[in-house]
Amino acid sequence: EDGRLAFQVAEGGSLTTAFDAYGGGLGTINTFGNGGLLSYSNFDSSLVFFTSSTATAPMVSVSNYTDDANGPSLALQNLRGGIGGSKTDGSDNDSCGAIKFDAYDDGTPTATTFAKIEGIAKDVSDGAEEGKLTLSVASHDGEIQPGLTIESGDAEDEVDVTIGNGAASSVTVPGKFVLDSVSLTNVQT
C-alpha cells in the first residue's frame with residue numbers, strides 16, 4: 001500500500017496544492033508549490049542536508065520544462081541585510097558565494113576541502129561593478145590555492161585570466177594554443 005498527503009490553500013478563489021507527498025514505490029515524492037509563474041518554496045534555515053545511503057546519490061537537479069531556449073539558473077547571493085527595507089551596501093571583495101568540494105583525508109579522518117569555486121564582488125561601486133571568479137584546489141599541504149582566476153581588468157569590457165599559482169606552477173595545453181589569432185604548435189619566440 002502507498003499513502004498520500006496533500007495540503008491545499010485558497011488561491012484566487014480556488015484551492016491549489018501547496019504540498020503533496022506520496023509513496024512512489026522506490027521512495028517518497030514531495031512536491032512544494034503549484035509550479036505557477038511566481039510560486040516558490042522558501043526554506044528559512046541555517047542548514048539543509050540532502051543525504052542518501054545509495055552509492056550514486058543524492059543528486060540535485062534544476063530543470064526547465066518550458067519549450068524554449070532558456071535554461072534554469074542557480075543563484076548564490078550575499079544580500080546584506082536581506083531584501084526588505086534594511087538592505088545594506090555591499091563591500092569590495094565580498095564573497096557572493098562558494099561551492100566547496102569536501103571529502104575525508106586518511107588517518108584521522110578529517111573533512112577537508114579539496115576544491116572550491118568562489119564568486120567575489122571585487123568592486124561594488126555603483127556603475128563600476130567588477131567581479132572575480134576563482135577555481136581553487138588543495139595544494140600539497142591542504143591549503144586552498146587559486147589555480148584559475150578570472151577577473152575584471154583595468155578597462156571597460158576587459159577580463160584578465162591567471163592560470164596557475166606561483167612561478168613553479170606548470171600549465172599543460174594538450175592541443176593548439178592560440179595567441180592573438182596566431183596558432184602556436186611548437187615553442188616560438
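The values are calculated or read from the model by the stated rules, or taken from the named source; none is laboratory data. What you see is a predicted model; the values in this text were computed from it and never measured. Cβ sites come from the backbone with ideal geometry, for glycine too, and all protein chains shown count toward neighbours. Calculation scope for accessible area: heavy atoms of the full protein, side chains included, ligands and nucleic acids excluded. Shrake-Rupley method; radii C 1.70, N 1.55, O 1.52, S 1.80 Å.
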Within the range 71-101, restricting to residues that are surrounded by 11 or more Cβ atoms within 10 Å (Cβ to Cβ) and acidic (D, E), the one that is farthest from S139 (Cα to Cα) is D92
Listed by first then second residue, the pairs whose first member lies in the range 80-91 and is at positive phi, whose partner is open to solvent by less than 90 Å² (accessible area, probe 1.4 Å), with beta carbons under 7 Å and at least 6 positions apart or on separate chains, are G81/T88
Scanning the range 152-166 for residues that are farther than 19 Å from S139 by Cβ and not aliphatic (A, V, I, L, M), the one surrounded by the most Cβ atoms within 10 Å (Cβ to Cβ) turns out to be S152
Exactly one of G12, G25, G3, G36 is more than 22 Å from T66 (Cα to Cα) and open to solvent by less than 60 Å² (accessible area, probe 1.4 Å), and that residue is G3
message: Taking the conditions exactly as written (under 21 Å from L74 (Cα atoms), in contact (Cβ under 8 Å) with a residue 24 or more places away in the chain and either among the acidic types (D, E) or not in a loop (DSSP other than H, G, I, E, B) (or both)), does I120 satisfy them or not?
response: yes
- Of the residues that make up the range 123-145, is at least one over 24 Å from N78 (Cα atoms), hydrophobic (A, V, I, L, M, F, W, C) and within 26 Å of the chain's Cα centre (by Cα)? yes
